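Any read-out appearing in this document is the output of simple, stated calculations on the displayed coordinates, not a laboratory observation. Since the model is a prediction, treat every value here as computed from it, not as a measurement. Here the Cβ positions follow ideal geometry from the backbone for every residue, glycine too, while neighbour counts run over all protein chains shown.
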Amino acid sequence: MFKRTLIAASLTVAALASAQAMAVTGGGATLPAALYKGSADSILPANFSYAAIGSGGGKTAFLKNNPAGFGTTGTVHFAGSDSILSASELSTYNTDFGGSYGPLIQLPSVATSVAIPYKKAGQTALNLTSAQLCDAFSGAKTTWGALLGTADTTPIRVVYRNVSSGTTEILTRHLNSVCSSQFVTNSTFTAARVGGGALPTGWVGVANTSDVATAVNAVDGSIGYVGPDGVDATSNAVVARVNGVQPTSANVTLALLSASAPSTAAQAANPANWSPVVPNPTSGYKLAAYTNFIFGQCYKDAAVAADVKAFLTTHYSNPGNNAATQAHKFVAVPTAWKTAVTANFITNSSGNNLDINNASVCNAIGRP
């Protein structure tokens, strides 16, 4: 009897320890999900969870502190999103939770491309202009011949994300910058197409970024859009060049060179300034952007705050998580950005009082 009681007690302690170890709850974007969790070289600590449900779902779960979106209970401590926080989302959050939870923090995690995978018999070096992307993804051109100026009657079959997706937002932000009569910027593909209407026959919606390349490869004549971790973005045989440029890490870096970290206290205090967008870069690859982390500044659980700060300290150090970032075909945040993030949100050497659990800001408030 004593032995059985001891075993039961030991199992209970182990279960409690396991529950306590998984202390930091998050989720969201699927584009960087394999970098964040589930791979041998993933960068989130062991006690961080990550539910890959899409950028829109991740933002909603965090902004409303609704862990049901991640299939769990408790508190949502962070989110990953390729979709930037809108002015409306920031305003609503500040109204609903600013007084009790404190400010939120939006940070660039890694730089990414949105690659254009394709499958077309006889085509191994596809090069599309931005205007051709507009025509293909809007349905203005329905055959490959019409798109490329040939006699090919193969239908264009678009594989798109059928959930609120930051990958869609990055794609449509560029398309809107060059063909605003065909696209608006939106994280939902069907809503981004100006005029709406039924999608052409044969187009396929998939939920996760990992499903895009598989669906494209299943049928000749297909084209889609996906993060670099889901396809060999360096191979023109499977991923199109855009305006002659392949979505390599070097070309993503070139595209985002013009984006600078906030340099004044007023700029630093606005979360929107920490997620720069370059809709139509003058050099490099056109479909380039940052995918982001969203954290709270204030946490009532001091252990969670310490874990968050420890992760940020590692990620924004040098080399930090650069090796894993590169292995998953993303680009590390530039050193100048890492320095700015560290000074503002980790050490407070900036003096802007934006750091995690700053005593003058977070006194008696924070995410529960």
Open item on the list: In the chain, if the dipole is taken from +1 on Lys/Arg beta carbons and -1 on Asp/Glu beta carbons about the Cα centre, which of 336, 205, 275 is farthest to the positive end?
Closed with: 205
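Explain nothing, just the number: dipole magnitude of the chain about its Cα centre with +1 on each Lys and Arg Cβ and -1 on each Asp and Glu Cβ, in debye rounded to the nearest 20. Write out the running numbers ahead of the final one.
Values: 19 positive and 14 negative charges, 59 e Å.
For this selection, approximately 280 debye.
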- [ ] Using R₀ = 22 Å, calculate the FRET efficiency as 1/(1 + (r/R₀)^6) where r is the Cβ-Cβ separation of residue 250 and residue 318; round to 0.05.
- [x] 0.70
TODO: Choose one answer from 305, 125, 343: the residue with the largest mean-square fluctuation in a GNM of the chain with alpha-carbon springs under 10 Å.
DONE: 125
TODO: Quick one: order 179, 134 by neighbouring beta-carbon count within 10 Å, fewest to most.
DONE: 179, 134
- [ ] For each of 165, 138, 258, count neighbouring Cβ atoms within 10 Å of the residue's Cβ, then give the residues from fewest to most.
- [x] 258, 138, 165
TODO: Go ahead and set up a Gaussian network model of the chain, Cα springs under 10 Å, then flag whichever of 42, 91, 55 fluctuates most.
DONE: 91
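For 274, 337, what's the fewest-to-most ordering of other Cβ within 10 Å of each Cβ?
Details: 274 25, 337 22.
In order of increasing Cβ crowding within 10 Å: 337, 274.
Test of understanding: what is the full-extension gain from residue 140 to residue 88, defined as 0.36 nm times their sequence separation minus their Cα-Cα distance?
Working: separation 52, 0.36 × 52 = 18.72 nm, distance 3.19 nm.
Between residue 140 and residue 88, full extension yields an extra 15.5 nm.
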Task: Percent of beta bridges antiparallel (DSSP, the chain, rounded to nearest 5) - done: 60 percent
Task: region 234-274 residues near the modelled residue 360 label - backbone nitrogen below 18 Å, point 7 Å along Cα→Cβ - done: 264-270
Open item on the list: Could you identify which residue out of 155, 281, 319 has the top mean-square fluctuation in a GNM of the chain using Cα springs shorter than 10 Å?
Closed with: 319
- [ ] Using only alpha carbon pairs under 8 Å that are at least six residues apart, calculate the relative contact order of region 118-246 and give it in whole percent.
- [x] 36 percent
- [ ] For every helix of n ≥ 4 consecutive DSSP H residues, a contribution of -39,500 (n - 2.57) applies; sum these over the chain, divide by its total residues, and give [θ] at 222 nm rounded to the nearest 500 deg cm²/dmol.
- [x] -9500 deg cm²/dmol
TODO: In nm, give the distance between the simple-model label positions of residue 232 and residue 280, each being 7 Å from the Cα along the Cα-to-Cβ direction.
DONE: 3.4 nm
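With contacts defined as alpha carbon pairs under 8 Å and 6 or more residues apart, what's the relative contact order of the chain in percent? Walk me through the intermediate numbers first.
Numbers: 752 pairs, mean separation 81.1, N = 368.
22 percent.
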- [ ] Can you spot the aspartates and glutamates whose alpha carbon is less than 16 Å from residue 59's alpha carbon? Ignore those fewer than 8 places along the same chain.
- [x] 82, 89, 96, 169
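Efficiency by 1/(1 + (r/R0)^6): what FRET value for residue 124 and residue 72, r their Cβ-Cβ distance, R0 = 56 Å, to the nearest 0.05? Spell out each step's value before the answer.
Numbers: r = 45 Å, r/R0 = 0.80.
With R0 = 56 Å, the Cβ-Cβ based efficiency is 0.80.
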